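Input: a single structure, listed below in structure tokens.
Just so it is clear, none of the values below were taken in a lab; they were calculated from the coordinates. All values derive from a computational prediction rather than experimental measurement. Counting neighbours? That spans all protein chains shown, and the Cβs are built from the backbone with ideal geometry, glycine included.
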Amino acid sequence: MIPPRLHATLDAVSVAALIAGPSLLGWPRRAVRPLALAGLGVAAYSLATRYRRGSSGALTLAEHRVLDAAQGIAVAGTALSEPDRVIRQAMMGYAAFSFAAALLTSPEGPKGVPLPRAAWAPATRRGDVWELAPDLAYLRLGIVNVAFIGTSDDWVLVDAGLPGTAGAILSAARRRFGNVPPRAILMTHGHFDHVGALRTLADHWQVPVFAHPQERPFLDGTRSYPPAAPEVGGGMMATTSPVFPRSPVDVSDHLHDLPVHGSIPHLDGWSWIHTPGHAPGHVSLWHEGRRVLLSGDAIVTTRQESACGAAMQMPELHGPPAYFTSDWQAAAASVRRLRDLDPALIVAGHGHAVAGPHMTAALDLLAHRFRELGLPATSRYLTGRGGA
């Protein structure tokens, strides 16, 4: 991790390099002007940054890291249209430096519990669909999963993926169920990576959308989620989380509350469990007879704060993605509640499905030592470290 004082020094060097370097190298104006403006931007937000606790400034170092990452994106975007190869490579190199500065200043993030590859649940893979049983499968959509529960004449979709994934979900559903639409779409919660295709799918299939009553404001267009917490650390996903969408979707014309007694419409044997923390109305799904748990984001099986972890899905057991978790006391209680179910199989919203003794041991460890293994070192939503 780059110490704050070194980060401040690197910022000063960046300002000088961006403002003076291109001119001294004789670069054309088309490259000199945007880089000089970028340098002035770095100077402005650096002067406003509190590099050390107790120092003055409008920006925290966590917010500064977000601007470093945004600057890297902007410079990389400018480089793509630069015809001179040497200039283009230099600009891409600076963009990579900005990303590295943002990443290496990031705190460690929640530790989680490593899992061996042997903890992956046995599954038959068909494209991006992983079939765990004849009536249970999940589809990986980049960094997030959606699940299919049921058979060809009676099935339910769980969550709706990222924006732009409606086509992939519809194609996977047709391969699995033919032209039979689901009986319903069931939402674990309403964060952007779970509702991206919800409007399109609900309109296409003309089916009800079920969610917990406390999640309704985020699904009927009336309320946005709280701001992200990039200060939780752990990697680029956390660093760039302030740019992730927080605004609600509006599927009020399809929306229904889940039954208060815990049953799930159209899913015999399954029940829903309120597992708040990551979102107020977050729910997990449980089949007691088979001890199968769809944990949503209450428990995930990869390091979601890291872009590498989210993309590669290296097996680890974690609590909810830290950058969007707004109630850590509730999140810890939800992990313990799910541990007490003693699941044999966990299908999470992020990461591979896991099962077996390694999973059981990791879940027990995470629940018992959540203060140490599940919490970030810092978060605007973490009141002390008690209560979790």
Requested in this report: Only Lys, Arg, Asp and Glu count, each charged at its Cβ (+1, +1, -1, -1), so figure out the dipole size of the range 4-104 about its Cα centre, rounded to 20 debye.
Outcome: 120
Report summary line: A correct Karplus calculation of ³J(HN,Hα) over the range 335-345, with 6.51 cos²θ - 1.76 cosθ + 1.60, θ = phi - 60°, whole Hz and x for Gly and Pro, returns 4, 5, 5, 6, 4, 5, 6, 6, x, 8, 9
Query raised in the report: Name the GluC sites (Glu not before Pro) in the range 257-339 that are in a loop by DSSP and that have at most 12 other C-beta atoms within 10 Å, would you?
Result: Glu288
**Report entry** GNM top mover of Ser271, Ser56, Ser106 - the chain, alpha-carbon springs below 10 Å
**Finding:** Ser56
Report summary line: Per the 1/(1 + (r/R0)^6) rule, R0 = 30 Å and r from the Cβ atoms of Thr124 and Arg290, FRET efficiency to 0.05 is 0.95
Query raised in the report: For the chain, with only Lys/Arg (+1) and Asp/Glu (-1) charged at the beta-carbon, what is the dipole magnitude about the Cα centre, in debye rounded to 20?
Result: 1100
Report summary line: Under the Karplus relation with 6.51, -1.76 and 1.60 and θ = phi - 60°, whole-Hz ³J(HN,Hα) for the range 285-294, x at Gly and Pro, equal 10, 9, 10, 5, x, 9, 6, 9, 10, 9
Requested in this report: With θ set to phi - 60°, apply the Karplus curve 6.51 cos²θ - 1.76 cosθ + 1.60 along the range 309-323 and write out the HN-Hα couplings as whole Hz, x wherever there is a Gly or Pro.
Outcome: x, 5, 7, 8, 6, 5, x, 8, 9, 9, x, x, x, 6, 5
**Report entry** Mean ellipticity per residue at 222 nm, deg cm²/dmol - from DSSP H runs of n ≥ 4 across the chain, formula -39500 (n - 2.57)
**Finding:** -11500 deg cm²/dmol
Query raised in the report: P(r) for the chain: what percent of alpha-carbon pairs falls in each 20 Å bin, starting at zero?
Result: 27, 51, 21, 1
Requested in this report: Just report the Cα centroid separation between the range 122-148 and the range 320-349, whole Å.
Outcome: 21
